[in-house]
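S.K.: Input: one structure, supplied below.
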Amino acid sequence: MKNKIALLALCMFISAAGIEAQSLPNGCGNDKAKFEVNTTDAAPPALTPENGKALVVFIETPLSGGHLTWPTVSTRFAIDNIWVGANMNNSYFTVSVTPGDHLVCSGRQGYHAEDWADSSPLFAEAGKVYFFESKVDYYRNESDKDRAFHFKQITADQGRACLKASKLSSWTQK
C-alpha cells in the first residue's frame with residue numbers, strides 16, 4: 001500500500017511539474033529570459049525586407065478607451081520558441097525571418113507571465129512585411145474585471161499607423 005501511495009505521489013509531482021514547465025504558449029521562449037528595454041524617438045524604418053527574407057514588425061501599444069495602463073509593462077516577442085527582443089509601452093522593433101511556417105509569440109515578462117502570453121502562426125513569404133501587435137491593459141469594468149492581453153497580426157495600414165505613434169525599442173538580455 002505504501003508503494004502505491006508513493007507512486008501516486010510521484011506521478012502527481014511529475015504531472016504538476018510538466019504543467020508548470022509548459023505554462024507559456026507554444027512558440028514562446030524560456031520564461032527565465034528577461035530583457036531590459038530602452039526606447040528612442042527614431043524615425044520609423046523603411047521596412048524593406050532583406051533579399052530572400054520577410055520582415056516581422058513587433059509592436060506594443062496601450063489599449064485605448066481611457067483604461068488604466070501600466071507605465072512600465074514590457075513584452076517579449078519570440079519566433080519559433082526563441083525570444084528575439086522586447087518592447088516597453090508604445091514601441092516596436094523589426095526582425096528578418098526566412099520564408100516558411102513560423103510560430104510567433106508575445107508575452108509580458110514578469111509576474112504571472114503565463115496569464116499574459118499568446119502565440120500565432122505565420123506563413124512568411126520573401127519580400128513581405130508582417131505586423132504583430134500586443135496590447136497590455138489592466139482595468140475593471142462590468143464585462144472584464146481583471147486584466148487583458150491581446151496579441152494578433154494586424155494589417156499593414158494599421159501597423160504603419162502604430163509606428164508613427166511609437167518609439168523604436170532596443171534591449172539587452174539580463
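The values are calculated or read from the model by the stated rules, or taken from the named source; none is laboratory data. In this text the structure is predicted, and so the values were computed from the model without any measurement. All Cβ positions, glycine included, derive from the backbone under ideal geometry; neighbour counts span all protein chains shown.
S.K.: For residues that are within 16 Å of the chain's Cα centre (by Cα) and in a strand (DSSP E or B), scanning just region 151-167, find the one that is modelled with the lowest pLDDT.
M.R.: Here the answer is PHE151.
S.K.: Looking at region 122-150, which of the residues that are modelled with pLDDT under 85 and assigned to a loop (DSSP other than H, G, I, E, B) is nearest to PRO62 (Cα to Cα)?
M.R.: The qualifying residue nearest to PRO62 (Cα to Cα) is TYR139.
S.K.: Conditions first: (1) modelled with pLDDT of 95 or more; (2) farther than 18 Å from TRP116 by Cα. GLY66 passes all but one, so which condition is the exception?
M.R.: (1)
S.K.: Among the listed residues THR39, THR75, identify the single one that is modelled with pLDDT of 55 or more, hydroxyl-bearing (Ser, Thr, Tyr), on the phi < 0 side of the Ramachandran plot and crowded, with 20+ Cβ neighbours inside 10 Å.
M.R.: Numbers: THR39 fails: crowded, with 20+ Cβ neighbours inside 10 Å.
Within the list THR39, THR75, the selection yields THR75.
S.K.: Go through region 29-45 and give me each residue that's aliphatic (A, V, I, L, M) and without any contact (Cβ under 8 Å) to a residue 24 or more places away in the chain.
M.R.: Initially, region 29-45 is screened for residues aliphatic (A, V, I, L, M), giving 33, 37, 42-43.
Answer for region 29-45, where residues must be aliphatic (A, V, I, L, M) and without any contact (Cβ under 8 Å) to a residue 24 or more places away in the chain: just ALA43.
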